[in-house]
1. What residue, among those in the range 399-410 that are surrounded by 15 or more Cβ atoms within 10 Å (Cβ to Cβ) and either in contact with a helix residue (DSSP H, G or I) (Cβ under 9 Å, 6 or more places away or on another chain) or not aliphatic (A, V, I, L, M) (or both), is farthest from V367 (Cα to Cα)?
2. Of the residues A360, A392, only one is assigned to a helix (DSSP H, G or I), in the same structural domain as R45 (by TED's automatic domain parsing) and either in contact with a Gly (Cβ under 6 Å, 6 or more places away or on another chain) or away from the ligand (no atom under 16 Å from the Cβ) (or both); which?
3. What number of residues in the range 123-137 are out of contact with any Asp or Glu (no Cβ under 7 Å at 6 or more places or on another chain) and touching a residue at least 60 places away in the same chain (Cβ under 8 Å)?
4. Is at least one residue of the range 84-102 farther than 17 Å from V178 by Cα and of a type outside the set (V, I, T)?
5. Counting only residues that are open to solvent by 10 Å² or more (accessible area, probe 1.4 Å) and within 11 Å of the ligand (Cβ to nearest atom), how many does the range 202-238 have?
6. Which of (1) open to solvent by 20 Å² or more (accessible area, probe 1.4 Å); (2) closer than 27 Å to D297 by Cα does H80 not meet, given it meets every other one?
7. Among (1) open to solvent by 10 Å² or more (accessible area, probe 1.4 Å); (2) not assigned by TED's automatic domain parsing to the domain that holds V47, where does T318 come up short?
8. Considering each residue of the range 90-127, count those that are more than 30 Å from K223 (Cα to Cα) and out of contact with any His (no Cβ under 6 Å at 6 or more places or on another chain), and give that number.
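The values are calculated or read from the model by the stated rules, or taken from the named source; none is laboratory data. Keep in mind the model is a prediction, meaning the values are calculated, not measured. Using ideal geometry, Cβ is built from the backbone for each residue, glycine included, and neighbour counts are taken over all protein chains shown. Just so you know, the surface numbers come from the protein's heavy atoms only, side chains and all, with ligands and any DNA or RNA stripped out. Shrake-Rupley method; radii C 1.70, N 1.55, O 1.52, S 1.80 Å.
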Amino acid sequence: MTLDRRNFIKLLGGASSLALAGCASQGGPAVSAGSANEIMAKTGRRVVVIGGGYGGTIAAKYIRMMDKSIEVVLIERNDHFVSCPFSNLYLGGILKDLSPLTIKYDKLAANHGIKVLQAEVTAIDAAAHTVVTSKGTLKYDRLVVSPGVDFRREEVKGYDKAAEEIMPHAWKAGPQTVLLRKQLEAMKDGGTVVMSAPLAPFRCPPGPYERASMIAYYLKQHKPKSKLILLDANPSIVSKGPLFTKGWKKHYDGMIEYRGAKKVTEVDVKNKTVIIEGIEDVKGDVVNLIPPQRAGDIAVAAGLVGDDKRWCPVNADTFESTKHKDIHVIGDASIAGAMPKSGYSANSEAKVCATNIVNALNGKEIVGLSGINTCYSYITDKEAISVAAVYAVKDGKIIAVPNSGGVSPDLNEAEAIYAKSWLNNILTEMSS
Ligand SMILES: Cc1cc2nc3c(=O)[nH]c(=O)nc-3n(C[C@H](O)[C@H](O)[C@H](O)COP(=O)(O)OP(=O)(O)OC[C@H]3O[C@@H](n4cnc5c(N)ncnc54)[C@H](O)[C@@H]3O)c2cc1C
């Protein structure tokens, strides 16, 4: 039995009841009770959180759970959030739409007294301790920045905003994911899908390889004469390599062509062609270009990135920026040592960051980081693989605790069941 939407919703239980019907839409009404003016007015000690995704929701919630006397304002540009985890299953045709992956903020706000402001953050003034938004300016005592990633488009000539409507990245779940699936559905049997993965580090190290698996799953069911070429800028598969290779051989032999050390540096949108370092052209009927990444625009604009101008250096225990005092950066945007850029890492970082913000505001000692991550990847609708680790701080850097984790012994059905349970738990935690 494939995991159709009904079964999936059953498995997701609580989280699915929080889902939105029209998940791919953007914008909509403001998400909090109370006007923007009421939210702007600072009444006491206040933490402002930018980004209502994997990191931001959890930081906001845990600060309020630990100390109700601290006011928390969560600022998010959209009135809902669509999870990237499991969005590859939608591309595989296993999920019929993105509604099981979509959360709103109403319950989170009501249950914890979080003020949610739907607005775009346009600037941060670290000296004045203010955040400028499309709806006004807010003061903070501490700021948490969890904006996820944006793209280094300048490294792929021709890949502008218009190009992504023809060659979707689908690396932020929502309309881009829907567009890529529509393109797969419209492709003729016998067509070629070209995917490109950027050099690490990027959001979700196993993500491109899970995506290749899920697209191949879709092709095998619906367009079996087609093939997928994965052009990887990295010399070899970045995460769970032997297991992906085994899964592809078992299920998609001859359908997935993996090519390492192939860095896409230019696109010819009109001809649906990607160009590898000026020397090789690869044409596709569908092109999924995953661009190189960096911290979200607002983190760059606020001067939170390091010398590389990409990622934000932070204290390994508190996630306080080493560039600006009283600002903490968590999730994909931060440099978190050995912790991968994953939703689970962002969740784990948010909790230790929240604890240390509450401790700092109450004059208490900081606590050391104990982090955790597991990343599941589907190979088919039934079989998945995983990688897990526990993290600690050593000599000021986040390291994986030796022998604390590892990869799953093989592809298996139990991992697919654990993965669904993981998604259910984490989306429920973020939205209630
Ligand atoms: C295909 C795919 C599959 C994945 N699978 C997994 C998986 O199985 N497991 C896993 O753990 N991780 C997975 N990930 C990674 C995971 O999605 C990210 O690591 C996680 O979302 C990072 O959390 P974050 O809080 O840093 O950013 P996000 O979750 O992206 O949240 C950022 C939020 O900030 C908002 N924002 C940004 N800038 C502004 C602004 N200026 N004003 C207002 N709002 C703003 C955005 O709208 C967004 O809602 C996957 C990623 C992809 C692409």
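1. Restricting to residues being surrounded by 15 or more Cβ atoms within 10 Å (Cβ to Cβ) and either in contact with a helix residue (DSSP H, G or I) (Cβ under 9 Å, 6 or more places away or on another chain) or not aliphatic (A, V, I, L, M) (or both), the top hit is S408.
2. Details: A392 fails: assigned to a helix (DSSP H, G or I).
Answer to the check: A360.
3. Residues in the range 123-137 being out of contact with any Asp or Glu (no Cβ under 7 Å at 6 or more places or on another chain) and touching a residue at least 60 places away in the same chain (Cβ under 8 Å): 7 in total.
4. Checked against the condition, which is being farther than 17 Å from V178 by Cα and of a type outside the set (V, I, T), the range 84-102 yields no hits at all.
5. Number of matching residues: 4.
6. Checking H80 against (1) open to solvent by 20 Å² or more (accessible area, probe 1.4 Å); (2) closer than 27 Å to D297 by Cα, the one that fails is (1).
7. (2)
8. Filtering the range 90-127 for residues more than 30 Å from K223 (Cα to Cα) gives 103-127.
Those left that are additionally out of contact with any His (no Cβ under 6 Å at 6 or more places or on another chain): 103, 105-125, 127.
Residues meeting the conditions: 23.
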